[in-house]
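K.L.:
Can you keep this structure in mind? I'll have questions shortly.
A short reminder: the numbers here are calculations on the coordinates, not readings from a lab. Keep in mind the model is a prediction, meaning the values are calculated, not measured. FYI the Cβ positions are ideal-geometry reconstructions off the backbone, even for glycines, and counts take in every protein chain you see.
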Amino acid sequence: MNLFSKVPFYGIYIILAVMLSSCESKVETKETAKSIEPVDLVYTQLDTENSRWFFFSSASRPFGMVNLSPDTEVDGAWGSGYRYKVDTIQGFSHIHAWQLSGLSVMPVTINESNAKSVFTDFKSKFSHDKEKVSPGYHSLSLEKYDIDVELTSTTRVGLHKYNYPKEGKKSAILFNLNGILGPNENTDGLLEQIDSKSLKGELVIKETTRRPKPVKLYFAIDLDTEIASIEKDDKTGNYLVFLKGDTDEVLMKAGISYTSFENAKGNIDNELAEWNFDQTVKDSRKEWNGLLGRIKVEGNTEIAQKRFYTDLWHSLQGRRIISDANGAYPDYTGETFRVGQLPLDDSEKPKFNHYNSDSFWGAQWTLNTLWGLVYPDIMEEFVNSLMQYYKDGGMVPRGPSGGNYTYVMTGASSTPFIVSAIQKGLITEDLEKIYQALKKNHMPGGIMGKAGYEHNTTIGGGLKYYVENGYVPHPIPEGKFGGHQDGASMTMEYAYQDWTLAQLAKKLRNTEDYNYFLKRSQNYKNVFDTSIGWMRPKDVAGKWRENYSPYEHENGFIESNGAQSTWFVPHDEEGLAKLMGGKSAAVEKLDEQFKTAEKLGFTAGNSHSQELHPEYRNIPINYGNQPSIQTAFIFNKLDRPDLTQYWSRRVANTVFGGLSPATGYNGDEDQGLMGSLAVLMKIGLFQMNGGTEENPKYEFGSPSFDKVSISLQNGKSLIINSLGASNDDVFIKSIQLNKSPYEKYHITHDLITSGVTLDFQMTSEQPTIE
C-alpha cells in the first residue's frame, strides 16, 4: 500500500503508526490502527534543531507550571533547551518558560574515578535510538552512567523514574541549582533534607534585560528511596544527594512554587499523592487527547495528519501557569514582592490560573481565532489572568513574566485578544472596567507608549507623536529607550489596535471614545507614500526617509521590511487598496510579492536568526515571522478569494508541511503563534481583524483535509467537508451551508456556534474572474 494514500482519521482504514525517532511511517494492522489517538500523531521533535528555551516541552501538561524535559544546551534563551543535533544531556530541568528557568537535576553514578569531578564533569552522551517522546512523556538512556531515565508530570509536579545499574556504583542525584540555565542565571540555590526521603529547596531566577526583577523559586522533593547523605560543592554551590542501598529503580517527585515551600509541597499533595508512574503518564495522555481531540481531520496523507496534530500541540505550548493549586501566585508588579490570591469558587478552588506569557504580538491572526473557536475555556482563563495583572499593577500586560511586566515587543497587543474574547461572548462581566483598563494602555503613560523592554520610561514608543501628529517618527528624536523603536510599524500597529478598542467602545455605546479611536485608526495612512506605493518611515519633521528601499530589513519596521509590513492594515484593507490605486492594482502588487517570495519558500531562511541574512532579508512576504502572516487572506478583501485559496494552500504546504527536526516553522514560533496559524490555514478559517468586530467573521481559505470536525464547547459541532482537498484540489467551486447554497466566502461566529455543516465543492481549476 502507498504510505501517502488518503485515509480517514478515525476508522478501520487507518494505517498510521507514529515513529517519534524519525519521520517515516509504517503500515499497521487494522486492530492496532484502531487505537491511534491524536497524541500518537504528534511529532514532538519538530524543528528542534532550531529550538529555543521555551519551544520544546515533552514531559509536560498543557500550559504546565512544570515543563520537564532534557536540556542539551543551557546557555541562552535562543538555541538552548532540547536541541536535536546536540548529543549530550546537561540535565533535566523543570521550567522552560518565557524568561524563566529553574531546578535542573541529573541522576548520576559515583565511583572513585569521578567522586571529586562530578560537580563539573556531569554531562552524558545519549542516543536518539534509545529515546521515546510523546506529549507528557520522555525517556532516554544516559550512556555515561548507564541510567535509564523516564519523565512525566502533572501540572505543577515533575515525576522522574531512574533505573540505575544494579551493582558496582553509588546511586546519586545531582541538583544543579546555581549557574546559567537558558535565558538567565540561577543563584542562591539551597537544598535541605527534611526527613529520610524528602528535601526542600529554593533558588533565585536572576533578572534579565527583558524581565527586570529576580524571581524566587521554591521546590519540594519526595523520593521513594531513602537518602544516605547530601554533599555540597563549595565552588559551584550545587548539591549531590546520595541514595541508600542498591535499589536500581528510583522514583522522585519535584513540586515547584513561586510563592513558598509550603505551596510547593501542597502542589504535590494536591496533584500527585500516589507513586504510580504509569498512571501519571496515562493521565497526561488523556488530558492531551482531550484537547487535541477537539479537532478531528480525515483524508490527506499520514505525514499531513501528523503535522496537523503537531501544529495543534504547539498551539497549546510555551505559555505557563505560575499560580499554585490553591490559587496563590507571585506578584512582582509593585515595589515589593507579595503573594497574591486568585478568587476561589464555591468549592474553594481557583476560578482560573495565572500565567507567564510571551507577548500577544501576532495573536490577532493566530491564538485569537483558534482559541476563541476551539479552546474558549483557555482564552477566558488568559483574559482573567491579564486582568489580574491590571488589578495588581495598574496595567494590562502585553507579555508578563514571573508575575511582572516585561514590555516585550510593542503596542498594546493584549487589546485585540481581550476584545475578541468579548465579541465572541466568552467574557460578559465587568465590560466597562475592562474597557477602561484597555483604554489606559492606549493613552499617554500607558503601555502603548513603551518600546520593547522599555521598563522605566514611556518615551520610546513615540505615543505622544502618534496622538499629536498622527504617526510615530523614525527615529524617535529623544533617542533610544528600548527595542523595536521602528516608527512606521508602530504607527500601523497602534492604528489597528485603536480600531479594535473602538469596537469595544461601540459595543458599550461610548460614542465619543468610539469616534476618537476610530479616527486614530486611520493614522496608518500617514506613513503610506503614494508616490512609491509603500509604507515609508518619516522623521519628526514629516520628511520621508531618504534612500529608502522597501526591502531593507528593520528600517523603520519591526522584525520585517517595508514590503512585508505595508499590508499590516487588518482593519481597513479596502482603504489601503484605495491608496494603492484600487483593488485591482493592490491584487497585482500583492500577487507579484507572493510569486517572488515563493522562490525563497515564503520565509527568511529556516530560523528566526536568518532574517538579517543578505539572502533572505529582502523577501517581500515572510511567513517565518508575524508581521505579514495575514497576507494570503487579504485577497479575500480584494474580491479575489481564488488567490486567497491558492496562496494560503501554497504557504501551508511549503512552510508548514515538513516533519523533521531540521524544519517546521522556518522562523519564530512564539509560543504557539505559528502552530495556530498552520492549523487555521489547514482547516481553511481565518480572521483578518482578529475577531474583534461585532459578531466576528471567519474568512474561508482552502482546507487541506477532506473533512474537519470541530467540537465546540457548547456541545455543537462545526463540520467542514472539502472532498477532493486532499487531492490538491485547491479552489472552492461552490459552498453549501447545512445543505443550502451559500454565496459568501466568510461565516459569522453566531452561525458557527449554532452548529453548522459547510460543504465545499473543491476543484483544481482556477475560476475565471471578470
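K.L.:
Stretched out fully, how many nm does the piece from Asp591 to Thr757 gain, at 0.36 nm a residue minus the Cα gap?
P.N.:
Full extension of this stretch gives 56.6 nm more.
K.L.:
Quick one: order Glu546, Glu298, Glu669 by neighbouring beta-carbon count within 10 Å, fewest to most.
P.N.:
Exposure proxy ranking, most exposed first: Glu546, Glu298, Glu669.
K.L.:
Which value in deg cm²/dmol, rounded to the nearest 500, describes the helix-derived mean residue ellipticity at 222 nm for the chain, given -39,500 (n - 2.57) per DSSP H run of n ≥ 4 and division by the residue count?
P.N.:
-7500 deg cm²/dmol
K.L.:
Rounded to the nearest 0.05, what FRET efficiency do Ser198 and Lys232 give with R0 = 22 Å and r taken as the Cβ-Cβ distance? Could you check?
P.N.:
Result of the calculation: an efficiency of 0.80.
K.L.:
Tell me, what is the FRET efficiency for Leu508 and Lys85 to the nearest 0.05, using R0 = 60 angstrom and their Cβ-Cβ distance as r?
P.N.:
0.70
K.L.:
Still on this structure: For the Cα atoms of the chain, what angle does the longest principal axis make with the long axis of helix 487-507, in degrees from 0 to 90, nearest 10?
P.N.:
80 degrees
K.L.:
For helix 414-423, what angle does its Cα long axis make with the longest principal axis of the chain, in degrees from 0 to 90 and rounded to 10?
P.N.:
Approximately 70 degrees, to the nearest ten.
K.L.:
Within 10 Å, count the other beta carbons around each residue, average over each peptide in 564-577, 673-686, 383-396, and list them highest first.
P.N.:
With the highest mean Cβ count within 10 Å placed first, the list reads 673-686, 564-577, 383-396.
K.L.:
Using the structure shown, list the pairs from Lys506/Lys543; Lys169/Lys216; Lys282/Lys707; Lys216/Lys253 with a Cα-Cα distance above 25 Å, or answer none. Show your work: numbers first, answer last.
P.N.:
Numbers: Lys506/Lys543 35 Å; Lys169/Lys216 35 Å; Lys282/Lys707 29 Å; Lys216/Lys253 20 Å.
From the list (Lys506/Lys543; Lys169/Lys216; Lys282/Lys707; Lys216/Lys253), the Cα-Cα distance tops 25 Å for Lys506/Lys543; Lys169/Lys216; Lys282/Lys707.
K.L.:
Sort Phe175, Phe242, Phe528 by Cβ crowding within 10 Å, fewest neighbours at the top.
P.N.:
Working: Phe175 25, Phe242 14, Phe528 20.
Listing Phe175, Phe242, Phe528 from fewest to most nearby Cβ atoms yields Phe242, Phe528, Phe175.
K.L.:
Once you put a point 7 Å from the Cα of Asp639 and another 7 Å from the Cα of Glu468, both along the Cβ direction, what distance in nm separates them?
P.N.:
Between Asp639 and Glu468, the label points sit 4.3 nm apart.
K.L.:
Net charge near Phe55: determine it from the other residues with C-beta under 15 Å of the C-beta of Phe55, scoring Lys and Arg +1 and Asp and Glu -1.
P.N.:
-4
K.L.:
Which number comes out as Rg/Rh for the chain once both Rg and the Kirkwood Rh are worked out on C-alpha atoms?
P.N.:
0.97
K.L.:
Right, next: Quick one: which residues, 5 or more positions from Lys707 or on another chain, have an amide H under 5 Å from its amide H? H modelled 1.01 Å from N in the peptide plane, none for Pro or chain starts.
P.N.:
Distant-sequence amide H within range of Lys707: Glu298, Ser722.
K.L.:
Where q = 0.09, 0.10, 0.16 Å⁻¹, what log10 of I(q)/I(0) comes from the Debye formula for the stretch 69-290, counting one point per Cα?
P.N.:
Rounded to two decimals, the profile gives -0.33, -0.41, -1.16.
K.L.:
Another question, if that's okay. Using alpha carbons only, how many degrees (0 to 90, rounded to 10) separate the axis of helix 261-271 from the longest principal axis of the chain?
P.N.:
Computed tilt is about 80 degrees.
K.L.:
Here's a follow-up. If you add up the charges near Asn515, with Lys and Arg at +1 and Asp and Glu at -1, over every other residue whose beta carbon is less than 15 angstrom from its beta carbon, what do you get?
P.N.:
+3
K.L.:
Need the full-extension length gain, Ala273 to Gln341, defined as separation in residues times 0.36 nm minus the C-alpha distance. One decimal, nm.
P.N.:
Numbers: separation 68, 0.36 × 68 = 24.48 nm, distance 2.36 nm.
Between Ala273 and Gln341, full extension yields 22.1 nm more.
K.L.:
Could you order peptides 339-350, 37-48, 198-209, 58-69 by the average number of other Cβ atoms within 10 Å of their residues, highest first?
P.N.:
58-69, 37-48, 198-209, 339-350
K.L.:
Output the pairs from Lys589/Lys739; Lys391/Lys424; Lys244/Lys286 with a Cα-Cα distance over 29 Å in this structure; if there are none, say none.
P.N.:
Going by Cα-Cα distance, Lys589/Lys739; Lys244/Lys286 fall outside the 29 Å limit.
K.L.:
By DSSP, what percent of the beta bridges with both residues in the chain are antiparallel, rounded to the nearest 5?
P.N.:
Counting only bridges with both partners in the chain, antiparallel ones make up about 95 percent.
K.L.:
Something else now. If you rank Arg52, Arg210 by fewest surrounding Cβ atoms within 10 Å, what's the result?
P.N.:
Arg210, Arg52
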